[in-house]
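None of the figures in this text is laboratory data; all of them are computed from the coordinates on show. Bear in mind that the values here come from a model prediction, so they are computed numbers and not experimental data. Note: ideal-geometry Cβ built from the backbone for every residue, glycine included; neighbour counts use all protein chains shown.
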Amino acid sequence: MKHIIKALFFSSIILSLNGCGEGEQKAGIDPKIYTDSLFAVMKADRTNYTKLIIKRLGPAGADKIKPNEHWEDLPEGAPLPAQMFRAGAEAVTELTDKFTYSLQSTWPINSQNAPKTPMEKEGLEFIAANPGENFYGEEKLGDVTYFTAVYPDVAVSDACTICHNEHKDSPRTDFKVGEVMGGVVIRVPL
């Protein structure tokens, strides 16, 4: 986390210095640094929720709280990691229009998590074929050009793989811990 904060700090200084003197002043932060930083926070939160909460409850759940995809209908239900992620993404859209993010997969359990644009599909296929690498591109949606980044969403626990492999609607049932299960798509208007 310290290196991310340093990168943001030094990037803002460099951008400020570039604006001093002759030439055109540059404002803002490089979209790649911006999306990489956002993803670092998202990945940390998602991993911690999965390992510290869902993994501790176990597939069968604890005595009082049980992770369940229909958690809202159960007094003892807890949202699954993908549902927590979506709730965060929806809350962010109410706070800012500076970026959006979503969790998507070429093997979605829920069809709303399938890629919707050619860039999203290309990015998801790239990260699945190139473990450990990110995908970056630009796409025009309507009248706006976006910087679109796709980051691998990796199974960090057997809680992830068991849930996906055993789900009745899962199009894939052979996930292993450490494998790419989908991707985080972050989009920033340019």
Notebook entry, point to check: Mind listing the phi-derived Karplus ³J(HN,Hα) values for the range 92-109, rounded to whole Hz, using 6.51, -1.76 and 1.60 with θ = phi - 60°, and x for any glycine or proline?
Noted result: 5, 5, 7, 9, 8, 10, 6, 6, 9, 8, 7, 9, 9, 7, 7, 10, x, 6
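Please report Thr35, Thr47, Thr161 as a ranked list, fewest other C-beta atoms within 10 angstrom at the top and most at the bottom.
Working: Thr35 25, Thr47 14, Thr161 19.
Ranked by crowding around the Cβ, least crowded first: Thr47, Thr161, Thr35.
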Margin query: Counting only other residues whose beta carbon sits under 10 Å from that of Tyr146, what net charge do I get with K and R as +1, D and E as -1?
Written below: 0
Next item on the list: Can you put Leu95, Leu57, Leu141, Leu80 in order of Cβ neighbours within 10 angstrom, beginning with the fewest?
Entry: Leu95, Leu141, Leu57, Leu80
Next item on the list: Pull up all non-local amide H partners of Ser157: gap of 5 or more, or a different chain, and H-to-H distance under 5 Å with H placed in the peptide plane.
Entry: Gly178
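Ala114 to Arg56: FRET efficiency via 1/(1 + (r/R0)^6), r the Cβ-Cβ distance, R0 41 Å, to the nearest 0.05?
Numbers: r = 30 Å, r/R0 = 0.74.
Rounded to the nearest 0.05, the efficiency is 0.85.
Cβ under 15 Å from Ala155's Cβ, Ala155 left aside: what net charge do those residues give with Lys, Arg +1 and Asp, Glu -1?
On the way: positive: Lys43, Arg46, Lys51, Lys55, Arg172, Lys176; negative: Asp153, Asp158, Glu166, Asp174, Glu179.
Spelling it out: positives minus negatives among the neighbours equals +1.
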Margin query: Please compute the modelled spin-label separation between Ser157 and Trp107, points set 7 Å along Cα→Cβ, answer in nm with one decimal.
Written below: 2.0 nm
Notebook entry, point to check: Let a ≥ b ≥ c be the square roots of the eigenvalues of the Cα gyration tensor of the range 43-176; is it rounded (a/c under 1.5), or, if not, prolate (a/b larger than b/c) or oblate?
Noted result: prolate
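Find the relative contact order for the range 115-163 and round it to a whole percent, using C-alpha pairs within less than 8 Å whose residues are 6+ positions apart. Intermediate results must be reported in sequence, preceding the final value.
Details: 48 pairs, mean separation 15.0, N = 49.
Relative contact order comes out at 31 percent.
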Margin query: Among the listed pairs Lys43/Lys116; Lys140/Lys168; Lys66/Lys140, which have their C-alpha atoms separated by more than 31 angstrom in this model?
Written below: Lys140/Lys168; Lys66/Lys140
Margin query: If you average 1/r across every pair of different Cα atoms in the range 105-190 and take the reciprocal, what Kirkwood value do you get, in Å?
Written below: 13.5 Å
Item checked: Linear extension gain, Ala91 paired with Lys176, 0.36 nm per residue minus alpha-carbon span -> 27.5 nm
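Say R0 is 22 Å: what FRET efficiency, to the nearest 0.05, do Glu69 and Lys98 get from their beta-carbon distance?
0.10
What translational diffusion coefficient, to the nearest whole µm²/s, does the range 106-150 have by Stokes-Einstein, given a Kirkwood radius computed over alpha-carbon pairs, a temperature of 37 °C and 0.692 mPa s viscosity?
Numbers: Rh = 11.3 Å.
For the chosen part, D equals 290 µm²/s.
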